[in-house]
Amino acid sequence: IEVGSFVSPKWVPQMAGSAEVFAQIQRKPGVIYGALAPNLRGFEDALAAGVKEVAVFAAASEAFSQRNINCSISESLERFAPIMAAAQQQGVSVRGYVSCVLGCPYEGQVAPEQVAAVARELYAMGCYEVSLGDTIGTGTAGATRRMFEVVGKDVPRAKLAGHFHDTYGQAIANLYASLLEGINVFDSSIAGLGGCPYAKGASGNVATEDVLYLLNGLGIETGIDMDKLLVAGQQICSVLGRPTGSRVARARSAS
């Protein structure tokens with residue numbers, strides 16, 4: 001479970017209380033509680049909060065990298081070197097993210113080869129898994145399959161994950177297309193919460209409830225209880241005062 005993000009509170013104020021969240025959660029055996037840590041300062045803050053897994057992120061688009069973290073792709077990758085060294089020393093696992101793998105709000109389409117180059121670098125520097133994200137949710141099932149076909153030549157598919165936002169309602173289709181390409185790990189967000197502060201109009205990550213419904217229908221065992229998931233989704237939406245982004249949750253509440 002990715003619990004928080006140790007980024008600059010100036011740029012992403014929503015994540016300013018991540019250390020407080022980590023201090024209050026009830027940790028359960030067998031569950032890894034991770035957090036985003038884009039730089040060494042963030043890594044040190046995460047470590048102080050008791051985080052055992054951190055995530056670093058790079059973009060497959062030069063324009064997005066410049067607008068998001070104010071540096072080039074190559075510069076962003078260089079910044080991860082001290083994080084990787086510190087993580088290895090502290091016994092902390094590192095997961096990698098690549099954003100804008102199926103489209104960029106500034107550049108438009110992104111070549112799969114560009115995605116592969118960034119994913120290859122993250123894997124080579126020690127990320128145990130690389131999650132490929134359709135940050136603005138413009139991807140289609142066909143583009144998703146082509147992207148994984150190309151990236152899968154450079155990074156073992158068992159080390160890749162899918163991360164799909166649902167802006168155009170294609171997240172579930174893209175997730176299924178990824179399954180057909182041998183991808184078995186996916187990021188999701190309960191009630192479809194989230195978005196991207198640097199991609200206007202981007203909706204949240206695919207709803208966990210909807211992913212579970214798909215996987216249950218395919219006979220894929222996850223160990224997740226749908227009823228408990230729906231209750232958790234209702235609770236967080238009630239606290240936030242916003243409607244759920246899960247189609248399954250909406251259908252169940254109406255029945």
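The values are calculated or read from the model by the stated rules, or taken from the named source; none is laboratory data. The shown structure was predicted, so the numbers you read here are calculated from the model rather than taken from an experiment. Here the Cβ is made from the backbone with ideal geometry for all residues, glycine too, and neighbour counts use every protein chain on show.
Observations on the model:
Table: residues versus (1) modelled with pLDDT under 95; (2) under 28 Å from GLU62 (Cα atoms); (3) loosely packed, with under 15 Cβ neighbours inside 10 Å.
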{"position": "ILE172", "(1), (2), (3)": "no, yes, no"}
{"position": "ALA177", "(1), (2), (3)": "no, yes, no"}
{"position": "ILE183", "(1), (2), (3)": "no, yes, no"}
{"position": "ILE190", "(1), (2), (3)": "no, no, no"}
{"position": "CYS196", "(1), (2), (3)": "yes, yes, no"}
{"position": "ASN205", "(1), (2), (3)": "yes, yes, no"}
{"position": "THR208", "(1), (2), (3)": "no, no, no"}
{"position": "LEU212", "(1), (2), (3)": "no, no, no"}
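- In the stretch 7-21, the residues that are in a loop (DSSP other than H, G, I, E, B) and under 19 Å from the mean Cα position of the chain (by Cα): VAL7, SER8, TRP11, VAL12, ALA16
- Verdict on TYR97 being aromatic (Phe, Trp, Tyr) and within 12 Å of ALA60 (Cβ to Cβ): yes
- Summed over the stretch 131-180, residues that are assigned to a loop (DSSP other than H, G, I, E, B) and within 14 Å of ALA119 (Cβ to Cβ) total 5.
Every residue, every condition in (1) part of a loop (DSSP other than H, G, I, E, B); (2) among the charged types (D, E, K, R); (3) surrounded by 13 or more Cβ atoms within 10 Å (Cβ to Cβ), yes or no:
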site	(1), (2), (3)
ALA23	no, no, no
GLN26	yes, no, no
PRO29	yes, no, no
ALA35	no, no, yes
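- Listed by first and then second residue, the pairs with beta-carbon distance under 7 Å, at least 6 apart or on different chains, first residue in the stretch 71-98 and charged (D, E, K, R), second at pLDDT 95 or above and not in a helix (DSSP H, G or I), are ARG95/GLY34; ARG95/GLU53; ARG95/ALA55; ARG95/CYS127; ARG95/TYR128; ARG95/GLU129; ARG95/SER131.
- Identification of helices (runs of 4 or more DSSP H) wholly contained in the stretch 201-255 with 3 or more residues that are touching a helix residue (DSSP H, G or I) at 6+ places or on another chain (Cβ under 9 Å), without any contact (Cβ under 8 Å) to a residue 60 or more places away in the chain and within 15 Å of PHE186 (Cβ to Cβ) yields 208-217.
- The helices (runs of 4 or more DSSP H) located wholly in the stretch 38-115 that include 2 or more residues which are of a type in the set (Ser, Thr, Tyr) occupy 73-90.
- Set PHE64, PHE43, PHE6, PHE57: member being more than 22 Å from MET84 (Cα to Cα), among the aromatic types (Phe, Trp, Tyr) and surrounded by 13 or more Cβ atoms within 10 Å (Cβ to Cβ): PHE64
- From the list ALA141, ALA124, ALA116, the one residue that fits, being more than 25 Å from ILE172 (Cα to Cα) and hydrophobic (A, V, I, L, M, F, W, C), is ALA124.
- The number of residues in the stretch 38-56 that are within 14 Å of the chain's Cα centre (by Cα) and at pLDDT 95 or above comes to 4.
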